[in-house]
Amino acid sequence: MHIIPQLVFILILAAGIYLFSAKARYIRKNILMGRDEVLNDRPELRWRNVLLLAFGQKKMFKNPLVAVMHFIIYAGFIIINIEVLEIILDGILGTHRLFAAPLGPMYALLINLFECLAVGVIVVCVIFLVRRNILHIRRFMSKDLNGWPRSDANYILITEIILMSLFLTMNATDTLLQSRGYGHYAEHITGNFLFSEKLHSPFNGLSSGQLAFIERSAWWLHIVGIIAFLNYLPYSKHLHILLAFPNAYYASLEPKGKMHNMPDIQKEVRYAMQPELIPANAPQATAHKFGARDVMDLSWKNLLDAYACTECGRCTAACPANITGKLLSPRMIMMKTRDRLEEVGQKRKAMQNWQDDGKSLLHDYITEEELRACTTCNACVEECPVSISPLDIILQMRRYLIMEESNAPQEWNSTFSNIENNFAPWKFSPEERDQWAKD
């Protein structure tokens, strides 16, 4: 009968890994729908970004108190999961505290460290729940988060509190059973742990059988909860826990504010002004789509950005257009891009051959008003803790509006005409440009 729990555990673990892998492949396929973009230069700087921005969370430390709390959750999530390795091996092999004997005194030291982190995670998650739901911080109260996004953040925080509480409960009942010499628990005497021993009082009056039931229940709920949490991540904004690392690596290394010209346009302008440069065997011009209308027109890095978005709202809180009441919200640009990408991905999955569904990211998800409110100041790019660029998506869609749809406000058209005819935004002949200085 002892083999049955092992088989059940192996089935649950295999199902969890299979489901997560399937979703990961689906997301990768969606990201690769984007245009190709080469981002593999200067690897030393890219690895530096991974260390500072993803691991070190450098940008978070603009607000040191929040940064420290966020780092506690982050460190707790990463480091405590080292202990999950022991739980997985125990589940597969049918053992209990497999690492206790090989590690000796170091084992108790590690579990004490894990308990400190677990308590830290519980405290910080409670604080974050209060910040999100009671303190009415503007970026958390924004209508951007109405519905599922607000619930998603709360579910994650509550889940982390439950998982850490189960970990402490498991340790508290385990060490009590050790002290009673009950069954296999007496095989590895670890001694009490720093925080879980404080939970002995409520359990002291229970029988050893009841304690063993609670310990096993906490063990199963803890590991199954972690497997479920892993499979919830791809459906949640907390996917950034995994995607922050590749996103930091592939972040743009160009100076902020640099806008990339379109080579085809540059070539056409050069040939128009200097026809003698046209090669004799130049290929016939082909039709191009300028800018981006839908997610397939964006680059794969733009689509990776959409999946990596934390929905923290720091970009929107710093956006001058949003601050002055304009419709633009860089956070919503990323959320809408991800929503459209998911819609296209689901339809591609359902259909063998993709057909245009009559919808697009531009107009159906993101409006002209939002795009035109952007001042291209790069505040959103500067603030993002995981190196996302909402501005790049905005610029590509504005290019489509102007170059494909000839859709621009009259004020912009006047500026374009002046630049074309007078080589400056103002309606003055180039020969008269210095007249203002005469007097």
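Tabulated results
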| item | result |
| --- | --- |
| Every residue from region 361-415 that is aliphatic (A, V, I, L, M) and either more than 22 Å from Ala308 (Cα to Cα) or open to solvent by 40 Å² or more (accessible area, probe 1.4 Å) (or both) | Ala373, Leu401, Ile402, Met403, Ala408 |
| Residues of region 33-49 satisfying the condition of being touching a residue at least 40 places away in the same chain (Cβ under 8 Å), of a type in the set (A, V, I, L, M) and closer than 18 Å to Trp300 by Cβ | Met33, Leu39 |
| Residue in region 292-310 that is free of Cβ contacts under 8 Å to residues at least 40 places away in the same chain and surrounded by fewer than 19 Cβ atoms within 10 Å (Cβ to Cβ) present | no |
| Condition broken by Gly325, with the remaining ones in (1) under 30 Å from Pro64 (Cα atoms); (2) surrounded by fewer than 21 Cβ atoms within 10 Å (Cβ to Cβ); (3) touching a residue at least 40 places away in the same chain (Cβ under 8 Å) satisfied | (3) |
| Test: residue in region 6-21 that is under 18 Å from the mean Cα position of the chain (by Cα), over 29 Å from Leu253 (Cβ atoms) and buried (at least 16 other Cβ atoms within 10 Å of the Cβ) | yes |
| Members of region 416-439 that are open to solvent by less than 50 Å² (accessible area, probe 1.4 Å) and among the polar types (S, T, N, Q) | Asn418, Asn422, Ser429 |
| Selected residue [assigned to a helix (DSSP H, G or I) and either open to solvent by 40 Å² or more (accessible area, probe 1.4 Å) or without any contact (Cβ under 8 Å) to a residue 24 or more places away in the chain (or both)] from Leu113, Leu117 | Leu113 |
| Conditions (1) surrounded by 13 or more Cβ atoms within 10 Å (Cβ to Cβ); (2) within 30 Å of Lys198 (Cα to Cα): number failed by Pro105 | (1) |
| Residue tally, condition open to solvent by 30 Å² or more (accessible area, probe 1.4 Å) and outside any helix (DSSP H, G or I), over region 34-55 | 7 |
| Scan of region 244-268 for residues that are over 29 Å from the mean Cα position of the chain (by Cα) and more than 17 Å from Arg399 (Cα to Cα), ordered by number | Lys267 |
| Matching residues, region 91-110, being touching a residue at least 40 places away in the same chain (Cβ under 8 Å) and in a helix (DSSP H, G or I) | Gly91, Ile92, Leu93, Ala100, Ala101, Tyr107, Ala108 |
| Residue in region 256-270 that is under 30 Å from Ala24 (Cβ atoms) and either open to solvent by less than 50 Å² (accessible area, probe 1.4 Å) or assigned by TED's automatic domain parsing to the domain that holds Ile402 (or both) present | no |
| Unmet requirement for Thr316, which otherwise passes all of (1) open to solvent by less than 20 Å² (accessible area, probe 1.4 Å); (2) over 27 Å from Arg138 (Cβ atoms); (3) touching a Ser or Thr at 6+ places or on another chain (Cβ under 8 Å) | (2) |
| Helices (runs of 4 or more DSSP H) contained entirely in region 145-255, each with at least 2 residues that are over 30 Å from Gln346 (Cβ atoms) | 148-179, 200-203, 208-232 |
| Close pairs from region 1-20: first closer than 17 Å to His222 by Cα and in contact (Cβ under 8 Å) with a residue 60 or more places away in the chain, partner open to solvent by less than 60 Å² (accessible area, probe 1.4 Å) and small (Gly, Ala, Ser), Cβ under 6 Å, at least 6 apart | Gln6/Gly94; Phe9/Gly91 |
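The values are calculated or read from the model by the stated rules, or taken from the named source; none is laboratory data. Small disclaimer: the values here were computed from a predicted structure and weren't measured. Using ideal geometry, Cβ is built from the backbone for each residue, glycine included, and neighbour counts are taken over all protein chains shown. Keep in mind that these areas ignore ligands, DNA and RNA; they rest on the heavy atoms of the full protein, side chains included. Shrake-Rupley method; radii C 1.70, N 1.55, O 1.52, S 1.80 Å.
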